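Data block below; observations after.
None of the figures in this text is laboratory data; all of them are computed from the coordinates on show. Predicted model, so just to flag it, every value in this text is computed and none were measured. Backbone-built Cβ (ideal geometry, glycine too); neighbour counts: all protein chains shown.
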Amino acid sequence: MSKHRYILTINVAMMLALGACGQASDQNKEVKDEGQAPQENVENNQESTDKGANSSHDSMQHSSSAEVPEGLKEAKDPKYKAGSQAIVETDHMEGMDGAEATIVGAYDTIAYVVSYTPTNGGEKVKDHKWVIQEEIVDAGQEPLSPGTEVTLEADHMEGMEGATAEIESSEHTTVYMIDYKPTTGGEEVKNHKWVTENELGPVQ
C-alpha cells in the first residue's frame, strides 16, 4: 500500500468515528429532551394543579333567585330571623368569610355534602357544601346515607343540575339564604344558597 493511500484510509476511518460519536451525542440529547419537560411547563402544570385543587366553588352562581325548592319548610324558631344580620363564618366563596350578611330566609331540612361530576364537563367537584334534601331527585323524607348515589336538582354551580352525585355526609339543621357584601369588594351577593346555622355568628 502506498504512503498516500495509507494516510487517506486513516483519515476516512477517523471521519467515520467522529461522525458516529456526534450522532450518538445528538441521539442522547434528543432522548434527554423528550424525557424531561421544560421547566416552564412543569411550573405551569403545577400552577394548574394547585388552582384546580382549590377551585371547587369557582363556578358557583354569585346571585340567584329567591325561589326555594318545593316542599321546603320555613324554620319555626331560627336563631337568625329573616331581616336580621349575622357574620358569615365559612368560605364557600372568596370574600365570604367575615362578611356581614342579611338573612333572607331560614329553613329546617337535611343538608348534604356531596361530590359530583359536572354535566358540562370538567373535573369532579369534591365535598360541595351544601345541597339540601329538597334539591335531590326522589330523596324522600329520611336522611340519605353516605355513599348513596343521587341526582341533583340544585343549580348553585354550573353543571350541577342533573348531575350524578355521591353523598359524603349529612346533618339535620337550619339552612339560611343570605345576602352579603364580599369582604374582597364588588357587588352584593343576593340570595346565596346555603349556609348552615353553625356557619353564622352574631354581629359584634
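Counting only strands (runs of 3 or more DSSP E) that fall entirely inside the stretch 120-204 and contain at least 3 residues that are farther than 22 Å from G105 by Cα, the qualifying elements are 125-132, 149-151, 164-180.
Going by the conditions given, is A101 part of a strand (DSSP E or B), in contact with a Pro (Cβ under 8 Å, 6 or more places away or on another chain) and not polar (S, T, N, Q)? So A101 does not fit the description; no. Among the residues of the stretch 92-147, just one is over 22 Å from the mean Cα position of the chain (by Cα) and among the aromatic types (F, W, Y), namely Y107.
The residue list E142, E100, E67, E149 contains one member that is touching a residue at least 40 places away in the same chain (Cβ under 8 Å), out of contact with any helix residue (DSSP H, G or I) (no Cβ under 7 Å at 6 or more places or on another chain) and not polar (S, T, N, Q), which is E100. For the stretch 160-190, residues that are polar (S, T, N, Q) and buried (at least 17 other Cβ atoms within 10 Å of the Cβ) total 3.
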